Amino acid sequence: MNHLLSIEALAADEIQALLTLAAELKRQRGGPGAQPLAGQTWALIFTKSSTRTRVSFEVGIRELGGHPMFLSKNDIQLGRGEPIKDTARVLGRMVHGAIIRTFAQQDVSDFAAYSNIPTVNALTDDEHPCQILADLLTIREVLGGWDGRKIAFIGDGFSNMTRSWMWAAKHLGFELAVAAPAACLPPAEFLAALAAPNVSVSSDPTQAAMGAHVINTDVWLSMGQEDQTDKEREFAGFQINAPLLSHAAPNHLVLHCLPAYRGKEITEEVLELHANTIFQQAENRLHAQKAVLTKLAESSI
Ligand code: CP
Ligand code: NVA
């Protein structure tokens, strides 16, 4: 693995290997762990806000022996219009890897191509691969895996989270039911490219929740869409609340990548009832990303 740009581009065996390593790194945390990033500096280039991703990468890089360098777009010339390919060619000569959170997926691909250093997508408008690895690790820990399980995603059907979940279902073969308002469904061209008969898409949240072992949601308005308050009105009926969860399988999990907006995509009551799993999911960002960094360091030797 030279980069982590998307779940789309990962193979099933790469996902499994990352999760196995993440579990091992989690078990060993606090001990004298391997230092695959010793002597290395990794840049974090963020043009969107972040709590979990920034902190988990900064801590993870340090725990693996490296030095993180956080660069918000306002700190560097990227924010004043310097092209991503020039930023990539400069950083590629100075740092050993890059973690990028931005809008266009193409910018992350371009950075990888022009920098020649391992590059990680820390969220774009298209995908959030690091989050999905943490979510899968959580499902593996709590349910033992996803074989024979039904996973539902209720909310924005074409957000970065939903797209990454759809690619994960395609690669790993579990049943994924996406329920989204009609205006927020994945377009037909995307579904044709996905070509995953195990992924169903509808505007019926009850049907998606029916018998589901995992119910997943995300904010209704992703970063960059904050002023689209009209869109938010479409989501009435798509809230994760007790009546909706009454249709799910017994002992179901509720997952939320966070940040959560209580009273919108999830109720306070449901979030607090499932807080153990949701914050385990947040913690797993650290372990999953340490696995990603370790694999990238191995392949760039
Ligand atoms: N889930 C997630 O990526 O959180 P942050 O936006 O806080 O990084
Ligand atoms: N879909 C959300 C995910 C936040 C972690 C966003 O892009 O804002």
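Taken together, the values in this text are just the output of simple stated rules run on the coordinates, not laboratory data. For clarity, every value in this text was computed on a predicted model and none was experimentally measured. Every residue, glycine as well, gets a Cβ built from its backbone with ideal geometry; the counts of neighbours run over all protein chains shown.
Structural remarks
- Separation between Cα centres of the range 113-169 and the range 184-262, rounded to whole Å: 14
- Dipole magnitude for the chain: computed about the Cα centre from +1 point charges on Lys and Arg Cβ and -1 point charges on Asp and Glu Cβ, it is near 780 debye.
- Shape category assigned to the range 136-288 from the gyration tensor of Cα positions, a/c cut at 1.5: rounded
- For Ser203, distant residues with modelled amide H under 5 Å away: Ala180
- The chain: angle of helix 52-63 to the longest principal axis, Cα-based, in degrees nearest 10: 40
- Whichever lysines have a C-alpha closer than 18 Å to that of Lys150, once near sequence neighbours (fewer than 8 apart) are set aside: Lys170
- In this structure, the amide hydrogen of Ala249, modeled 1.01 Å from its nitrogen in the peptide plane, lies closer than 5 angstrom to those of Gly211, Ala212, His213, counting only residues at least 5 positions away or on a different chain.
- Cα gyration tensor shape of the range 1-50, rounded if a/c is under 1.5, else prolate or oblate by comparing a/b with b/c: oblate
- Candidates Gly237, Gly97, Gly263: whichever shows maximal mean-square fluctuation once the chain is modelled as a Gaussian network with Cα springs under 10 Å: Gly263
- Dipole of the chain, positive direction: furthest Cα of Gly263, Leu91, Thr124, with charges on the beta-carbon: Leu91
- Distant-in-sequence amide H partners of His67 (H built 1.01 Å from N, under 5 Å): Gln40, Thr41, Trp42
- Ordering Thr206, Leu191, Ala288 by the projection of their Cα atoms onto the charge dipole of the range 175-301, which places +1 on the Cβ of Lys and Arg and -1 on the Cβ of Asp and Glu, puts Ala288 at the extreme positive end.
- Relative contact order (%) - criterion: Cα under 8 Å, at least six apart; region: the chain: 22
- GNM flexibility winner over the chain from Thr20, Thr162, Thr138 (Cα, springs under 10 Å): Thr20
- Applying the Karplus relation 6.51 cos²θ - 1.76 cosθ + 1.60 with θ = phi - 60° to the range 188-195 yields 3J(HN,Hα) values of 4, 5, 5, 5, 5, 5, 5, 6 Hz, where x marks Gly and Pro.
- ³J(HN,Hα) computed for each position of the range 229-245 - Karplus, 6.51 cos²θ - 1.76 cosθ + 1.60, integer Hz, glycine/proline x: 5, 4, 4, 4, 4, 5, 8, 4, x, 10, 7, 7, 9, 4, x, 5, 5
- Going from the fewest other Cβ atoms within 10 Å to the most, the residues Thr119, Thr47 appear in the order Thr47, Thr119.
- For Lys231, Lys290, the sequence from fewest to most other C-beta atoms within 10 Å is Lys231, Lys290.
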